[in-house]
Amino acid sequence: MNRIFRVKQLFVFCLLLTIAVLAQAQVLKPASWSYDVSKKQVAVGQELDLIFNVRIDKDWYLYSSDFDPDLGPMVTEFKFQHHPSYELVGKVVPIKPKKKYDELWGGEYTYFTGTAQFRQKIRVLQPSLLVKGSYEYQVCTDVDGRCIPFDDTFAFTDKQVTVTGSAAPATKPADALPASGPEEAESKASASQTNPVAPAAEANLPVTAADTLSAASQSATAADTAVAAAKPAIITPEQQDNTSSAESLWSFMLVAFIFGLGALITPCVFPMIPMTVSFFTGSSRNRRQAVIKALVYGISIITIYTLIGTLVARLFGADGANFISTHWLPNLLFFAVFIVFAMSFFGLFEITLPSSLLTKVDAQADKGGLVGVFFMAFTLALVSFSCTGPIVGSILVASAGGETLRPVVGMLGFSLAFAMPFTLFAIFPSWLSSLPKSGGWLNSVKVVLGFIELALALKFLSIADQVYHWGILDRDVYLALWIVIFTLMGFYLLGKLKFSHDSDVKHISVPRLFLAIATFAFVVYLIPGLFGAPLKALSGYLPPQTTHDFDLNSIVRRSNGNSNTMLVTGEADELCEAPKYAEFLHLPHGLKGYFDLEQAKRCAAEQGKPIFIDFTGHGCVNCREMEANVWSDPAVLKRLREDYVVVALYVDDRTELPQSEWYTSSYDGKEKKTIGRKNADYQITKFGVNAQPYYVLMDARENVLVKPTAYDLNVDNFVKFLDAGVASYKARHQQVQ
């Protein structure tokens, strides 16, 4: 009986121990992925969507893929391996991500909660379809401030899709994006929204440590069953047309409508209004005929400009929009076009169409009838091109980087405003007497539009500069140029700046004064941005805060944090050897330390200090909050400088290690080739944790001194944590002696 009782005791003890260990385990998996396809059967040459669905745990959020990768947070990124059975069409598209402005990053990012979905369109080229690749992403929670980067692999095969047709490869169209070979950088694509990942067994690829809580020996079959059972609903393309996108189109149409009103008060168009109205009223037999001609005239203007928008939409389409919004060539081309438009508005030259074209169209307008009215509208569009061309071009350029409908909607809004006065004044000719007379003010409008065109041109140069890291138009340079441009515009409105074709301004009108006040107020708003102010209202038009060279907020934080430590001498904050990776990795507040654990261990042994490990990430917003609000405190900085050897281990850095340092993880059996994956693997295998920020205090032999801590903005708690580590280190050191 005693033996049975002891066995029961042992069983209960083991059970309690297991529960305790599981309770302490902190390897989290807040997001589960799965795959699906838009069609279960396709023929060679046809297209289908690869669907990546994600189910996100409560209180967690997943960063999307369609915001500036230089902003700070880790964007979701996909890589596709080359295979002759398919080709990419366009890029990965996130479905309905949410948007948020973050003061810490100084910009707007997109994210998902609950569920997410990303779609990649491909064209099938062979019956034996095989699409393999990998993806990286990051999830965070505001509950306790943790962020976790993950990576995993995926595969789509003929088990998910039945391919019919000839085995001969289909002809490769021009709009397809080929995936690069394994020896090259794999093709990358943006992503967004919901569903889990295809089973590792089907993909014949290992499951990463960050994406599974199961043991490494768990069978692939069991994982497949679990994924299939938990598969979430698929979001169809029709569901993408949500309220936010509709609101965006309406907003863009309103902006285009305002541009159309602006085009009316240019020197090429405004004088045409009374001339056109007089023609309708003089050539018509009665008022009814005049109204009909005026309506046909207005509808013709709308039709002409909307056809232009439709033509642009057909030429570029959604896939061309991705190319336009990211590639350097179209952005530099648009930059040059806007500069030319601005020079034209300033009066350097006029943009005109061939006179032969104008003569032919004008001859058609002279035939009379409704057809003649249509060609009169066409003549107006051509004659006014020198003034409206830059405005129309601006709308089309702004819309070309978005959805397919935007050029059509933009031209519809512009033409509605442009056609409205011609139609209304023809119907109500008595209103003509209320129009102001033509004069020098029309040229002033044209010059003001030139300043605006010049400012907008910088946006396209900035896009190319950010994508390709040229560093020629950082945030402070961009703001300086805007301040100069709008200051000159304000002086022009006050009559202090004149061009050769401007008339003398003896006095300024009240509307012109109010425009000048608004312009100078905008300049005053821009000036703090030179010193690091976030300028939230312009976050979508300015380069990211990280490109700012003179960030006064950061300098003040560093000086406050260093105020009590600047006179520290001796061994405090001294390094034993040059830190590896210091050319691209940095510690905040002027701290000196390492980015490689082995270096930190050697220095800790040499100096007789404990080690402070900061498990962090480039895209960890809560890590930046801890650094800005806790590390910056003088008491914390003093202890980090004097009492510890600091090492920052970035878990999301993609810098590849030398091949001699590659190794296979004992946790997930995958080869670790980058700095980030090596550090993430160490955090999981050593401490059973995969979230950041995470702070560990240990000695040179990797003995943990006190219980590690994570996100906590209470400075006193962090000071106590650091003091406890020093006390534990001294006690251990004395015991060893």
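Please list, in chain and number order, the residues 5+ apart from Leu50 or on another chain whose amide H is under 5 Å from its amide H, with Hs placed from the backbone.
Gln120, Lys121, Ile122
Whole-Å semi-axes of region 621-684's equivalent ellipsoid, largest first, each the root of 5 times a Cα gyration tensor eigenvalue?
30, 13, 10
Short version: ³J(HN,Hα) in whole Hz for each residue of region 711-723, in order, from phi by Karplus 6.51 cos²θ - 1.76 cosθ + 1.60 (θ = phi - 60°), x for Gly and Pro, what are they?
Running phi through 6.51 cos²θ - 1.76 cosθ + 1.60 with θ = phi - 60° gives 5, 7, 7, 7, 5, 4, 4, 5, 5, 4, 4, 5, 5 Hz.
Probe 1.4 Å, all protein chains in place: accessible area of Lys498 in Å², nearest 10?
Surface accessible to solvent at Lys498 totals approximately 100 Å².
For Arg146, what accessible surface area do you get with a 1.4 Å probe? Give it in Å², rounded to 10.
60 Å²
Ignoring ligands, DNA and RNA, what percent of the accessible area of region 624-737 is carbon or sulfur (1.4 Å)?
45 percent
Taking R0 as 60 Å, what's the FRET efficiency between Trp662 and Ile339 from their Cβ-Cβ distance, rounded to 0.05?
After rounding, the FRET efficiency stands at 0.75.
When a/c is below 1.5 the answer is rounded, else prolate if a/b is larger than b/c, else oblate, so apply that to region 50-170 with a ≥ b ≥ c taken from the square roots of the Cα gyration tensor eigenvalues.
prolate
For a test of the definition: using alpha carbon positions, the gyration tensor, and the 1.5 limit on a/c, classify region 38-79 as rounded, prolate or oblate.
In terms of gyration-tensor shape, oblate.
Distances over 15 Å make up what percent of all Cα-Cα pairs in region 454-530?
Value for region 454-530 (Cα pairs over 15 Å): 62 percent.
Which order do peptides 716-728, 47-59 fall in by mean Cβ count within 10 Å, highest first?
By packing density, highest mean first, the sequence is 47-59, 716-728.
Given points 7 Å out from each Cα along the Cα-Cβ axis, report the Asn714 to Gln46 separation in nanometres with one decimal.
Roughly 6.1 nm, to one decimal.
Computed on alpha carbon atoms, what radius of gyration and Dmax characterise region 663-709, expressed in Å?
When restricted to Cα atoms, region 663-709 yields Rg and Dmax of 11.6, 31 Å.
Using the Karplus curve 6.51 cos²θ - 1.76 cosθ + 1.60 with θ = phi - 60°, work out ³J(HN,Hα) for each residue of region 507-513 in order, rounded to whole Hz, and write x for Gly and Pro.
Residue by residue, region 507-513 yields 8, 9, 7, 5, x, 5, 5 Hz.
Using only the Cα atoms of region 570-728, construct the convex hull and provide its projected area averaged over every direction, in square nanometres to one decimal.
9.0 nm²
Once Rh for region 585-644 is found with the Kirkwood sum over Cα pairs, what is the Stokes-Einstein diffusion coefficient at 25 °C and 0.890 mPa s, in µm²/s?
Result for D is 198 µm²/s.
Over 30 Å between C-alpha atoms is what I'm after, so list which of Lys100/Lys720; Lys58/Lys720; Lys29/Lys132; Lys29/Lys159; Lys91/Lys686 land there.
Check vs 30 Å cut-off fails for Lys100/Lys720; Lys58/Lys720; Lys91/Lys686.
The values are calculated or read from the model by the stated rules, or taken from the named source; none is laboratory data. If you're wondering where the values come from, they're calculated on a predicted model, not measured in any experiment. Virtual Cβ from ideal backbone geometry, glycine too; neighbours counted across all protein chains shown. For the accessible areas, the whole protein counts, side chains as well, though only heavy atoms, and no ligand, DNA or RNA atoms are used. Shrake-Rupley method; radii C 1.70, N 1.55, O 1.52, S 1.80 Å.
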